[in-house]
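The values are calculated or read from the model by the stated rules, or taken from the named source; none is laboratory data. Computed from a prediction, not measured in an experiment: that's the story for all the values here. We place every Cβ from the backbone using ideal geometry, glycine too, and count neighbours over all the protein chains shown.
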Amino acid sequence: MTELAAVKAALKTQAVETPSWAYGNSGTRFKVFAQAGVPRDPFEKLDDAAKVHEFTGVAPTVALHIPWDRVEDYAALAEHAEKRGVRIGAINSNTFQDDDYKLGSICHPDAAVRRKAVGHLLECVDIMDATGSRDLKLWFADGTNYPGQDDVRSRQDRLAEGLAEVYERLGEGQRMLLEYKLFEPAFYTTDVPDWGTAYAHCLKLGEKAQVVVDTGHHAPGTNIEFIVATLLREGKLGGFDFNSRFYADDDLMVGAADPFQLFRIMYEVVRGGGFTSDVAFMLDQCHNIEAKIPAIIRSVMNVQEATAKALLVDAEALGAAQASGDVLEANAVLMDAYDTDVRPLLREVRQEMGLEPEPLKAYAASGYGEKAVAERVGGQQAGWGA
Ligand code: PSV
Ligand code: MN
Ligand code: MN
C-alpha cells in the first residue's frame, strides 16, 4: 500500500516554474489576439506569476526570456520577485529573432554571426549572476531548409564549439539546459533535433550540461516517457518544458491533450528518483485565446494531478506483478493509480498548506483579473510574432 502521508508530503514540496512569456500576449504566425489587462513590463509579469503561486502554492519560480524581459537592473527585478513571494528561475536565451540569424546562430557559417550569438548567451549568464538563477535554458532555431544548403557535420562542430565557450563561463552551481526540437523553424535539418543529439553534446560538455525535454518537441507517437527514463538513468535529465500538443509544437496547456501521457511521464520521473532531484519542472506554453492567469493555474493543477497519480502507484504490487510476469495485473496496478480521482486529495493538501482548496475559484473571487484590466493599458506581446 502506498503511504498517503508520504504522497501528501511530496506534493507539498512540488515546484512548477511558470514562463514569463505565458503572461503576455501571444499568437500564431496568423494573428496575435491582444487581451486586456496583460502585463506591460517584466515586473508586472512577475506580479501575475506571484498570483499563480499564491493560489496554487507550488509555482515559486518564474522563467525569463531575454531580450523579451530585458530590464536595466536585473537585481532589482529579482528583488521585486522576492517581494511578491516568488523567485526568478531559468534564463531562456533568444538567438532566433534577429535578421542576422537567418542561416542560424551558433551554427551559422559566418564566424561573426556565431560570435554575436555566443555573446548573447554569455550575457544571459551575466543575468543569471544578477538574478541568482541556476539554469540557462538553450533552444536553438538553427537548421537548414534544403539538402546541401550547409554542411550538417560542420554545423555540429560549430555547435560544440559555441556550447563549450558558454559552458566554461558557467559559475558554481549554474547549469546549462539544452533543449531539442524535431523541426521548426527549420524544415530539413535541425541542429539539435532529438534527445540523442542533445545528450551527446551534454555528455561531452560535462556535468553542468543537462537535457531538457519539451513535451511538444517530438514526432507524433514518440514514447516520451522512455526518453525520460533513459535520461534519468544516465543522470542527464535537467528538466521539462511542459505543454500539450495535438499536432506539432502547439504549446497548449499541459495535460489538456493527453493527461495519460503526462501521468506516464510523471510515473517515470517518480520511478527514476527525479521528483526529489534537481529536475526542473517548467511550463513552456502560450495562451493565445484563453485567459492567461487561470490557464496557468489550470496547467499547474494538471501537473499536480498527474504527479499525485504517479505517486499513488503501488510500487510493491507493481513489482510483484512484473516479477511474476502477470501482464494484466501489472497494467491494472498502473491504471488503478491513473484512474484515481486525486482532486479530493489535492484539495486536502492545499488546505493543509493554508490555501483555498479550489485555486481557480479563489483566483476568480480575488478580483485580481478585473483590477489588472482596469489598471493596465497597453499590455505587452510575449515576443512570438512581435
Ligand atoms: C520554440 O519551439 C520554443 O517553444 C522552445 O520550446 C523554447 O523553449 C521556447 O520557444 C522559448 O524560447
Ligand atoms: Mn520549450
Ligand atoms: Mn517549443
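Restricting attention to segment 67-96, the residues that are crowded, with 22+ Cβ neighbours inside 10 Å, part of a loop (DSSP other than H, G, I, E, B) and among the β-branched types (Val, Ile, Thr) add up to 2.
Residue-level check: of (1) more than 16 Å from ligand 2 (Cβ to nearest atom); (2) farther than 26 Å from VAL269 by Cβ; (3) surrounded by 22 or more Cβ atoms within 10 Å (Cβ to Cβ), GLN35 misses just (3). When LEU328, LEU360 are checked against the criterion of being assigned to a helix (DSSP H, G or I) and under 18 Å from ALA291 (Cβ atoms), a single residue qualifies: LEU360. Screening ASP214 against (1) over 27 Å from ALA111 (Cβ atoms); (2) surrounded by fewer than 21 Cβ atoms within 10 Å (Cβ to Cβ); (3) not hydrophobic (A, V, I, L, M, F, W, C) leaves a single unmet condition, (2).
Does MET282 count as within 16 Å of ligand 3 (Cβ to nearest atom) and among the hydrophobic types (A, V, I, L, M, F, W, C)? When the stated conditions are applied, MET282 passes them.
In the set GLN174, GLN156, only one residue is at pLDDT 95 or above, crowded, with 16+ Cβ neighbours inside 10 Å and farther than 19 Å from ASN94 by Cβ; that residue is GLN156. Would a scan of segment 184-194 turn up a residue that is away from ligand 2 (no atom under 15 Å from the Cβ) and of a type in the set (A, V, I, L, M, F, W, C)? Yes: segment 184-194 contains one or more residues that are away from ligand 2 (no atom under 15 Å from the Cβ) and of a type in the set (A, V, I, L, M, F, W, C). Filtering segment 228-244 to residues that are touching a strand residue (DSSP E or B) at 6+ places or on another chain (Cβ under 7 Å) and not aliphatic (A, V, I, L, M) leaves LYS236, GLY238, GLY239, PHE240, ASP241, PHE242, ASN243, SER244. Counting residues in segment 85-100 that are within 16 Å of ligand 3 (Cβ to nearest atom), among the aromatic types (Phe, Trp, Tyr) and at pLDDT 95 or above gives one or more.
A search for C-beta distances below 6 Å between a residue of segment 162-190 that is more than 16 Å from ligand 3 (Cβ to nearest atom) and any residue that is of a type in the set (Ser, Thr, Tyr), counting only pairs 6+ apart in sequence or on different chains, returns MET176/TYR167; TYR188/THR144; TYR188/TYR146; THR189/THR144.
Taken over segment 83-105, the criterion of being closer than 18 Å to ILE66 by Cα, in contact (Cβ under 8 Å) with a residue 40 or more places away in the chain and more than 16 Å from ligand 1 (Cβ to nearest atom) is satisfied by ARG87 alone. When segment 180-207 is limited to residues that are over 18 Å from ASP151 (Cβ atoms) and crowded, with 21+ Cβ neighbours inside 10 Å, the one that is nearest to ligand 1 (Cβ to nearest atom) turns out to be LYS181. Of the candidates GLU168, GLU161, the single residue that is under 30 Å from GLU82 (Cα atoms), away from ligand 1 (no atom under 15 Å from the Cβ), over 21 Å from the mean Cα position of the chain (by Cα) and part of a helix (DSSP H, G or I) is GLU168.
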